[in-house]
Every structure is written in structure tokens, then in C-alpha cells.
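Have a look at the structure below, then the notes.
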Amino acid sequence: MNSIQRILHRPFFIKLLNWEYWSFTSVYLLIYPVWILLCLRARSFFFFAASNPTIKNGGFLCESKKDIISIIPPQYHPLTAFFSIPANGDIVLRDLRRAGLQFPLIGKPNMGGRGRGVKVLRDEQDVRNYARTAYLDFHIQEFVPWKNEAGIFYVRYPGEEKGRITGIVGKEFLSVTGDGKHTILQLLQQNKRALMYLRSLQKIHGERMNLVLPAGEKMIVSPFGNHARGSKFIDESHLADEALNNVIDSICKQIPEFYFGRLDIRYDTWEAMKQGRNFSIIEVNGAGAEPTHIYDPGHSIFFAWKEIIRHWIMLNRISRMNHKKGHRYLSWREGIAMFREDREWSRKLAAMTE
């Protein structure tokens, strides 16, 4: 590696030259005027609340995962148990056993996003630690065995008989492949994407980072399908054929008054999922969902802006249509309170992620 390559391999330059690592504000700042125009058209800065009437705030911010799971047909989501803080680890373990949940498990805050506060729980001590350090109500979910994950964005206008898929993102978990010589840490240091998440990976794996994997052995170092946790996002929107659209449309129409959002799905094979088999919806995101296929490294920031604005326009139209049917927007006071609440949740989520 020459001197220029070494410079470009530093996190600062990786972030500078790859917009997918930019901050939320940096990505959205220049297109905020479009959002303002849409607010003026709806005559409300908080029009999005009417987009999915059965979800708090339309699923834009501060929605409860517990409430959302309760409206998803149970055959489509993992077995889940919910807990309020303060939580006693032994009581949590007792309730998990009663619910039939077995290790490994996934712990998630009841409010959150971008993978914050999400942890793999491999044994009873992990559960006790998670319950003890939880700053928010949380839920513990069975670890879905399927190895693949995708985010499928769905839109249906009120009154329409059939909705449509508007984007698909495939998720490639961050991993390393051993060569029998270098440690996991050394292999990660050679990977530009891994460098952006190295500190959090060191916290997760600790001394395991010094292990040398046998040649050819692959290890997933971050099993979370979140861009903020190291997954590579790949635009697979071209796979939205009629068969898949029918499956997703059928599911979404079983969620009461769900018109706009993204389903994060674990699945076995693409063909099985198109037949409605061997998959599980691990999360449903509403009005605040991003069309995450924009984060494909092959896409420019201009493509991202186009797709974000396209989805904003659909969100605005859906919300205005629902508003005419009697579903309300948030008042100014309610909207400001929502953002304040989200700021407080974000502070607590940051503490859970540390």
C-alpha cells in the first residue's frame, strides 16, 4: 500500500469520499426546502402523522415496537416478549422460558432505530446484563434462523385495491474471511467498511479480535442488518416482480390502515419468500422509514435525493388523502413534544449502545 492509498484508507477520507457515511443532516440538508413545500401543501408541518393511522405519529418518530407488533399477523413475525423497566433479570428469564424462547435471542429497545441498543443475547448472563442496563422498555425476540435479510418498501394509496413495492435493499452482513495468518482485528483493519465501525466491533468482541481464523473460514462480525452497524446495503429493487409484490401486498393489507413504510425481513431463499414461505418480518417502519436502497455504494448522492423526494411526495399524498377521511395531523404542540421525546429517547439509546 503506497502513501496515497494509506491516506485514503483513513476513516476521515473514507467518510469524505463515500456519502453513505455522511451524517443524517449532511445528506438531507439541501433537500429540506422540498419538505417545507410539502408541509405548506398539506398546511401542516406534521402531516405525516395521518399516513398510517393505526401507528403512533404514523410511525415517524417515538412509535412503540410493541404496538406495531400487535397489529402484524402473528405468523409473520418472530416470537417476542416485552418488558418494562426497571426489569429483574431473573423474572425476565422466567418469562422467556414461559414464552418458549430459547437462545440465542435478540434484545431491542421498545423505541429506537438504526440498530441502537440492539444486542445478541447468547446466554442467561447476557439477558441479566441487558435487563440491568436497559434505560428504556425493551423486548426480547427469538433469533430468526434465516441467513438473509432485506428491506422492502411498500406504498398503497388509501382506497387503492393493491399497493406496490417501491424499493428493495439487500443486506450484506459485515464479515471477515480467515487466511490462517492474520488476526480478526488485522483483517478488519484492511477493510474500509470495517474501519468505520472498528471501535464498536472491539467493544462487542473484546479479546476475540486477537483470534486467527483458519484459511477460508468466514466469520460474521456484525449480525445486524443495519447500515449503522456495518451492513453493506445493495439496491435490489429490480427483483420486485409480480409474485413478490403480491406476497408483500397481501401481508401489508392485513396490517390495519398501513399505507407507507418499510418491512425488514429475514428469509431463507428469495424463491421461497416469493411463494410466501420461510421468512419473518423482524420490524415494520412507518412514515419515518428511509428508502434504504439509496445506500448502495454504487449510487450517487443525486440518486439518493431523487428517491428520498419521490417517497416524500408519496407520503404527503397519502397523508392528505387520509386527512380528508378524518385522520388528524399532529398539532404544533404535539409535534414539538414528539421531537423532544425523540431527543430524550435518543440520549437513552446512546447510553444503551455504549
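Between helix 32-42 and the chain there is an angle of about 30 degrees, using the helix long axis and the longest principal axis of the Cα atoms. The length gained by stretching the chain between E161 and A215 to full extension, at 0.36 nm per residue less their Cα-Cα distance, is 14.1 nm.
Per-residue accessible area (protein heavy atoms, 1.4 Å probe) orders W345, W22 as W22, W345, starting from the largest. Measuring only protein heavy atoms, the 1.4 Å probe finds C62 accessible over about 10 Å².
Computed from the C-beta positions of Q254 and R310 and an R0 of 25 Å, the FRET efficiency is 0.45 to the nearest 0.05. Among bridges DSSP assigns within the chain, what percent are antiparallel (round to 5)? The antiparallel fraction comes to roughly 100 percent. Entry note, the chain: relative contact order of 25 percent, from Cα contacts under 8 Å with a spacing of 6+ residues. With Cβ to Cβ distances under 11 Å as the rule, what net charge do the other residues near L121 carry (K, R +1; D, E -1)? Around L121, the surrounding residues sum to 0. Compute the long axis of helix 332-353 from its Cα atoms, compare it with the longest principal axis of the Cα atoms of the chain, and write down the angle in degrees, 0 to 90, nearest 10. Roughly 10 degrees, rounded to the nearest 10. Checked against a 26 Å cut-off, the cross-linked pairs K119/K192; K15/K203; K66/K119; K253/K324; K65/K348; K203/K274 give Cα-Cα distances beyond that limit for K203/K274. Computed from point charges on the beta carbon alone (+1 for Lys and Arg, -1 for Asp and Glu), the dipole magnitude for segment 81-176 about its Cα centre is near 120 Debye. Could you tell me which GluC sites (Glu not before Pro) in segment 137-217 are loop residues by DSSP with no more than 16 other beta carbons within 10 angstrom of their beta carbon? Answer in residue order: E160, E161, E217.
Note on I336 and F303: with the Förster distance fixed at 30 Å, the Cβ-Cβ geometry gives a FRET efficiency of about 0.35. Each of I91, F60, V27 was placed along the dipole of segment 1-119 (beta-carbon charges, centred on the mean Cα), and the one lying farthest toward the positive end is V27. Going through (1) 20.9, 65; (2) 20.1, 60; (3) 19.1, 57, the figure that equals Rg and Dmax of the Cα atoms in Å as computed for the structure here is (1). Convex hull volume of the Cα atoms of segment 133-178, normalised per residue: 203 Å³.
A dipole drawn for the chain from +1 and -1 charges on Cβ atoms has a positive end, and of I72, G151, Y197 the residue lying farthest that way is Y197. If I fit a long axis through the Cα atoms of helix 301-324 and take the longest principal axis of the Cα atoms of the chain, what angle between them do I get, 0 to 90°, rounded to 10? Helix 301-324 sits at roughly 40 degrees to that axis. When a/c is below 1.5 the answer is rounded, else prolate if a/b is larger than b/c, else oblate, so apply that to segment 1-132 with a ≥ b ≥ c taken from the square roots of the Cα gyration tensor eigenvalues. Note, shape of segment 1-132 comes out oblate. Here segment 63-103 is scanned for amide nitrogen atoms under 15 Å from the site 7 Å beyond the Cα of D123 along Cα-to-Cβ, giving 103. The slack between D137 and R6, meaning 0.36 nm per residue of separation minus the straight C-alpha distance, is 42.8 nm. When the helices of the chain are scored as -39500 (n - 2.57) per DSSP H run of n ≥ 4 and the total is divided over every residue, the value at 222 nm lands at -11000 deg cm²/dmol. When +1 charges are put on Lys and Arg Cβ atoms and -1 charges on Asp and Glu Cβ atoms, the dipole computed for the chain relative to its Cα centre reaches about 840 debye.
Post the alpha-carbon centroid distance, segment 25-42 to segment 144-168, in whole angstrom. What the calculation gives is 25 Å, centre to centre. Taking the centroid of alpha carbons for each part, segment 53-109 and segment 176-205 are 32 Å apart.
For segment 206-341, a simple Cβ point-charge model (Lys and Arg +1, Asp and Glu -1, everything else neutral) yields a dipole of about 660 debye relative to the Cα centre.
Taking a ≥ b ≥ c as the square roots of the eigenvalues of the Cα gyration tensor, segment 73-125 is classed as rounded, since a/c falls below 1.5.
I need the shape label for segment 90-247. Rule: rounded when a/c is under 1.5, else prolate if a/b > b/c, else oblate, with a, b, c from the alpha carbon gyration tensor. It comes out oblate by the Cα gyration axes.
The values are calculated or read from the model by the stated rules, or taken from the named source; none is laboratory data. Quantities reported herein were computed from a predicted structural model and do not represent experimental measurements. Glycine gets a Cβ as well: all are built from the backbone with ideal geometry, and neighbour counts include every protein chain shown. Remember, those area values only see protein heavy atoms, side chains included, never the ligands or the DNA or RNA. Shrake-Rupley method; radii C 1.70, N 1.55, O 1.52, S 1.80 Å.
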